[in-house]
1. Keeping to segment 73-92, report how many residues are among the hydrophobic types (A, V, I, L, M, F, W, C), closer than 19 Å to LEU23 by Cβ and more than 15 Å from ligand 2 (Cβ to nearest atom).
2. Taking helices (runs of 4 or more DSSP H) that fall entirely within the chain, which contain at least 2 residues that are modelled with pLDDT under 95 and surrounded by 12 or more Cβ atoms within 10 Å (Cβ to Cβ)?
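The values are calculated or read from the model by the stated rules, or taken from the named source; none is laboratory data. Fair warning: this is a prediction, and the values are worked out from it, not measured in the lab. Here the Cβ positions follow ideal geometry from the backbone for every residue, glycine too, while neighbour counts run over all protein chains shown.
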Amino acid sequence: MKSGKVNLGWCRLKIRKFIRPRLCFVCYRYGHMARDCIDRDKIFCSRCGEEKHKAAECPNEMSCSNCKRLNLRLKEEVDIKHDVKSRLCESYLREIDFIREKIDYCKPVPKIQ
Ligand SMILES: [Zn+2]
Ligand SMILES: [Zn+2]
Ligand SMILES: [Zn+2]
């Protein structure tokens, strides 16, 4: 699972900052920014996570696309009736844990450069 090198420069940078997961405002997934999004050309709804319409025109009930995916992938039943940008979003909280784990993994930071 945890293979691959950890970029120490990156870790140091992150330790100094408050942990703030990157949320793509194109597809509303965590871990990348809009400019790196492979779905840059598409339109996703922040309200229900579906494609081809915006939140203002959403005909669906509010549901978090990240938590829907989490439920599917991990066969869990976390609450999905919240905004994808909610600070109480289970996916958001897990993303923070994930980042924090990475940071702990970097300690102690050796002196380089
Ligand atoms: Zn994206
Ligand atoms: Zn929608
Ligand atoms: Zn959520």
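1. Qualifying residue count for the region: 3.
2. 8-16, 90-106
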